[in-house]
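Everything on this sheet refers to the single structure shown next.
Each value in this text was obtained by applying a stated rule to the coordinates, not by laboratory testing. Nothing here was measured: the structure is a model prediction, and the numbers come from that model. Positions of Cβ are generated from backbone atoms using ideal geometry, with glycine treated the same way; all protein chains shown enter the neighbour counts.
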Amino acid sequence: MLTLPELEPGLTVLDHPGADIPAMADAVTTDGRVVGVDIDPKVVEAANARFHDRPHVEIRLGDGHALPFETPPRQGADGPGPAARFSPQAVVTQRR
């Protein structure tokens, strides 16, 4: 399982393929948002049903490898600024 020390309440997370969505949802709390993407409509339907009790989680139909995603300008040698943080499976995109 992915460790999520960089996630905190109020962040918005984009996830693909979706294995860590429960942990992400817990980390960002209902003050944040988790958006997952999957290419299979049946998987999207099943996942949205699974997370029906978490209004801050939404699974959308789409190809996670083809999403248009812009990152903010890099800020210093430490990498992306506070609006974007990266991990192998998740992208934290913004504060809500």
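Report ³J(HN,Hα) in whole Hz for each residue of segment 21-30, in order, from the Karplus equation J = 6.51 cos²θ - 1.76 cosθ + 1.60 where θ = phi - 60°; Gly and Pro get x.
4, x, 5, 5, 4, 5, 5, 8, 6, 6
Taking amide H atoms as placed 1.01 Å from N in the peptide plane, list the residues 5 or more away in sequence, or in a different chain, whose amide H sits under 5 Å from that of Val34.
Amide H neighbours of Val34: Val13, Val57, Glu58.
If you plug each phi of segment 51-59 into the Karplus form 6.51 cos²θ - 1.76 cosθ + 1.60 with θ = phi - 60°, what whole-Hz ³J(HN,Hα) values come out, in order, with x for Gly and Pro?
9, 4, 8, 10, x, 8, 10, 9, 10
Going by average Cβ density within 10 Å per residue, which order do the peptides 48-54, 34-40 take, highest to lowest?
Put in order of decreasing packing, that is 34-40, 48-54.
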